[in-house]
Amino acid sequence: MASYAQSNSSTSSSDISTPRSISPSSSVASARSSQSSISSSKRMSISSTRRISAAANPMSSVDIAAIEEAMKMASLDTLRGYAQNRYNNEVRQYATTEYLSQAQALGYQVLNEPMWNKGLSFTPEQRIAKNLTGLIPHVMEDSNKQCERALKMIRTRQTDVDRYLYLSTLKSQNVDLFYRLLIDNAKELMPLVYTPTIGDVCLQYSTLYTRPEALYISIKQRKSMKTILKNWPYPNPEICVVTDGSRILGLGDLGVNGVGIPIGKLALYTAAAGIHPDKTLPIVLDCGTANETNLKDPLYLGLRAKRVSVAEQQEFMDEFMQAAAEVFPDMVVQFEDFESEKAFNYLDRYRNAHKCFNDDIQGTGAVVLGGYIGAVNLSGVPIEEQRLVFMGAGSAGVGVAKQLVEYYTKRGLSEQAAKDKFWLVDTKGLVTKDRGDKLAEHKKYFARSDNNGHQFRTLEEVIEYVKPTALVGLTATYGVFTESVVRALKASVDAGGRGRRPILFPLSNPLTKAECTFEQAVTWTDGTVIFASGSPFSQFTVKTNDQPITYYPNQGNNVYVFPGIGLGAILSKASRVTDNMIYTSAAALAGSLNAEEIHKGLIYPRIERVRDASLIVAREVMKAARRDGVSQLPEEQWLEWEEWGDPALDKYIKAHIYDPDL
């Protein structure tokens with residue numbers, strides 16, 4: 001070892017120290033120096049390593065998540081790089097679909113067709129004749145027992161969407177049972193089939209989808225419109241509800257997810273007015289969507305592209321209306337949930353050449369008018385002193401206001417005098433001609449010019465200025481009718497004299513968009529309010545001097561009028577739907593209440609009586625079609641009814657409506 005050490009040493013012998021020659025102090029200093037040198041070296045090494053590490057990982061400053069999201073979006077954009085203004089030729093199908101008739105169907109052919117399946121109500125004879133023995137349990141049940149089972153299932157579900165899905169499944173298996181259940185339990189189940197539940201269903205439609213329930217017409221297949229319509233399995237539909245999903249309830253542009261609206265709406269046409277389910281046709285027109293959430297959803301079922309231009313949407317709609325008239329010439333078309341400008345445009349464009357109406361504009365207007373007629377009678381405020389503020393100036397708001405203008409003109413006021421009773425408010429304040437912004441065309445009719453240059457920016461300012469007797473909300477904004485707003489309305493009504501009551505209609509759907517609740521309206525008006533909402537609220541009981549007082553809400557649900565309008569147009573064979581037919585539906589609704597409902601201070605029938613109301617509405621709509629010269633029924637038929645009156649016409653209507661029999 002010594003030899004090895006020496007051979008590697010370059011020092012002279014005099015420089016070699018023995019242990020004896022090393023002093024303690026020099027030893028410690030040397031050790032400290034050595035440790036300091038090593039420590040410094042380590043610090044330099046670590047710092048250097050960090051610099052090298054950072055330099056060696058150039059991705060450390062890159063947002064990997066953003067890149068992954070961009071790649072995901074790119075993978076979803078399957079139309080990128082393709083021309084979007086050219087469309088394929090009409091689809092040429094190789095064969096005609098042949099459907100079995102009900103008389104020919106046997107076994108599972110019967111059970112798998114929801115229009116024919118009667119569940120456990122098949123008689124022993126039917127089970128033998130249709131080869132059903134052993135395919136269903138060996139038990140016979142009437143409709144009451146089957147409905148009892150279905151209700152138990154519904155009531156055990158945890159959410160309204162789950163309840164909707166159960167009902168949807170039931171409808172896909174046994175149509176008669178579904179409608180028997182819905183008709184007999186309207187108060188409980190209609191909110192599940194349509195508003196407010198349908199809003200949540202539409203938001204999730206692409207995720208919830210399991211089977212087709214409508215016609216899905218993409219603008220990409222616009223040249224195949226007639227082929228698509230002819231593919232509908234049930235011949236000669238009598239009523240169609242069509243949307244492009246551009247303004248679903250208060251939820252905005254949902255694209256193809258908005259198809260839940262026509263599906264739900266047509267279920268109410270059947271339940272409320274008895275239009276046979278195989279005579280209904282739900283349709284969604286897919287022009288793309290402006291909804292970024294949908295465009296980013298990998299499960300979205302619609303065209304993954306921004307909406308085409310308004311002009312191209314117009315062309316697409318023209319093609320649809322023409323094709324529908326050619327393929328189904330007797331079908332009434334109801335427009336639903338188109339954004340405001342298109343809604344007014346399409347109604348004006350097609351109303352004189354096609355059998356059509358718009359429920360958002362005309363149906364909402366009619367149902368509110370029907371309730372308003374009753375409300376005015378209960379308010380204690382003379383007609384000449386009525387003043388109305390509308391919060392919301394979209395298609396529904398303007399449509400409702402125009403219907404109410406007609407109410408006043410039919411009572412002797414000039415159109416201008418009637419129009420002067422209305423003040424419309426939007427997000428920018430009172431709608432005036434000199435507000436400084438470009439007003440949408442449909443707002444101009446009600447734009448005020450008597451504001452003397454003053455602009456009222458808030459609802460509170462407008463109420464203070466107008467001193468209204470009625471406040472109507474169609475804003476799709478929850479809580480916009482605040483306590484101060486409602487109390488100001490009451491104060492303006494009270495100022496007119498004793499015994500007067502404010503009219504308050506928060507009409508937006510669903511419940512999450514309601515301008516105020518029923519309980520709030522009752523509380524803030526000390527129980528004097530005449531209230532109607534778009535979605536259902538529960539009755540409200542308060543104790544006064546230990547005496548309970550129950551207040552009953554009214555729901556201004558379009559289901560009170562649109563089924564009757566549709567049924568009346570179908571049965572009268574109307575060549576078009578006239579304004580007078582719409583107005584008449586409102587007057588008929590106002591006259592459909594029974595003594596019990598009037599005694600409770602209601603302005604709409606109980607929802608359980610919606611079928612009774614629809615029959616009255618349909619009858620009066622038919623008579624209006626006759627007066628307007630648009631009914632194409634034989635003259636002899638009308639002469640018979642004109643001789644025998646309403647009982648004969650009622651009998652005719654009842655003979656032509658669907659009443660599910662299991």
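The values are calculated or read from the model by the stated rules, or taken from the named source; none is laboratory data. Here the structure is a predicted model, which means the values were calculated and not measured. Ideal geometry is used to build each Cβ from the backbone, glycine not excepted, and the neighbour counts take in all protein chains shown.
General observations
- Test: residue in segment 538-550 that is assigned by TED's automatic domain parsing to the domain that holds E461, buried (at least 21 other Cβ atoms within 10 Å of the Cβ), modelled with pLDDT under 95 and of a type in the set (A, V, I, L, M, F, W, C): no
- Exactly one residue out of T469, T427 is farther than 29 Å from K342 by Cβ and under 30 Å from the mean Cα position of the chain (by Cα): that is T469.
- Residues being assigned to a helix (DSSP H, G or I), surrounded by 13 or more Cβ atoms within 10 Å (Cβ to Cβ) and acidic (D, E) - total across segment 120-147: 0
- Candidates in segment 440-464 are the residues that are free of Cβ contacts under 8 Å to residues at least 24 places away in the same chain and surrounded by 13 or more Cβ atoms within 10 Å (Cβ to Cβ); of these, the one that is farthest from G394 (Cα to Cα) is N451.
- Count of residues meeting criterion [in contact with a strand residue (DSSP E or B) (Cβ under 8 Å, 6 or more places away or on another chain) and not in a helix (DSSP H, G or I)] in segment 535-562: 16
- Only one of the listed residues (G260, G255, G250) is small (G, A, S) and over 11 Å from the mean Cα position of the chain (by Cα). That residue is G255.
- In segment 143-177, the residues that are closer than 22 Å to I607 by Cα and in contact (Cβ under 8 Å) with a residue 60 or more places away in the chain: S143, K171, V175, D176, L177
- For E643, the test of being at pLDDT 95 or above, over 30 Å from S533 (Cα atoms) and outside the structural domain of N377 (by TED's automatic domain parsing) is passed.
- Criterion applied to A532, A521 was being assigned to a strand (DSSP E or B), modelled with pLDDT of 95 or more, in contact with a helix residue (DSSP H, G or I) (Cβ under 8 Å, 6 or more places away or on another chain) and in the same structural domain as A375 (by TED's automatic domain parsing), and the one residue passing it is A532.
- Scanning segment 479-504 for residues that are among the β-branched types (V, I, T), part of a helix (DSSP H, G or I) and within 21 Å of I383 (Cβ to Cβ) yields one hit, V493.
- Some residue of segment 627-640 being among the polar types (S, T, N, Q), modelled with pLDDT of 95 or more and in a loop (DSSP other than H, G, I, E, B): yes
- Selection from segment 390-440 of residues that are in a loop (DSSP other than H, G, I, E, B) and of a type in the set (A, V, I, L, M): A393, L413, V431, L439, A440
- Residue check, A648 small (G, A, S), touching a residue at least 24 places away in the same chain (Cβ under 8 Å) and touching a helix residue (DSSP H, G or I) at 6+ places or on another chain (Cβ under 8 Å): no
- Boolean, E113 is assigned by TED's automatic domain parsing to the domain that holds A267, at pLDDT 95 or above, acidic (D, E) and closer than 20 Å to S172 by Cα: no
- One residue from T159, T169, T123, T133 being closer than 21 Å to A272 by Cα and either among the β-branched types (V, I, T) or at pLDDT below 95 (or both): T169
- Taken together, A305, A323, A272 contain a single residue that is surrounded by fewer than 22 Cβ atoms within 10 Å (Cβ to Cβ) and part of a helix (DSSP H, G or I), which is A323.
- Hits in segment 344-365 (condition: at pLDDT 95 or above, part of a helix (DSSP H, G or I) and among the aliphatic types (A, V, I, L, M)): L347
Each row is one residue, and each column tells you yes or no for (1) outside any loop (DSSP other than H, G, I, E, B); (2) not hydroxyl-bearing (S, T, Y).
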{"site": "H442", "(1), (2)": "yes, yes"}
{"site": "Y445", "(1), (2)": "yes, no"}
{"site": "G453", "(1), (2)": "no, yes"}
{"site": "E460", "(1), (2)": "yes, yes"}
{"site": "Y465", "(1), (2)": "yes, no"}
{"site": "V472", "(1), (2)": "yes, yes"}
{"site": "T475", "(1), (2)": "no, no"}
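- Annotation: of all residues in segment 200-238 being part of a helix (DSSP H, G or I) and farther than 28 Å from E312 by Cβ, the one that is modelled with the lowest pLDDT is D200.
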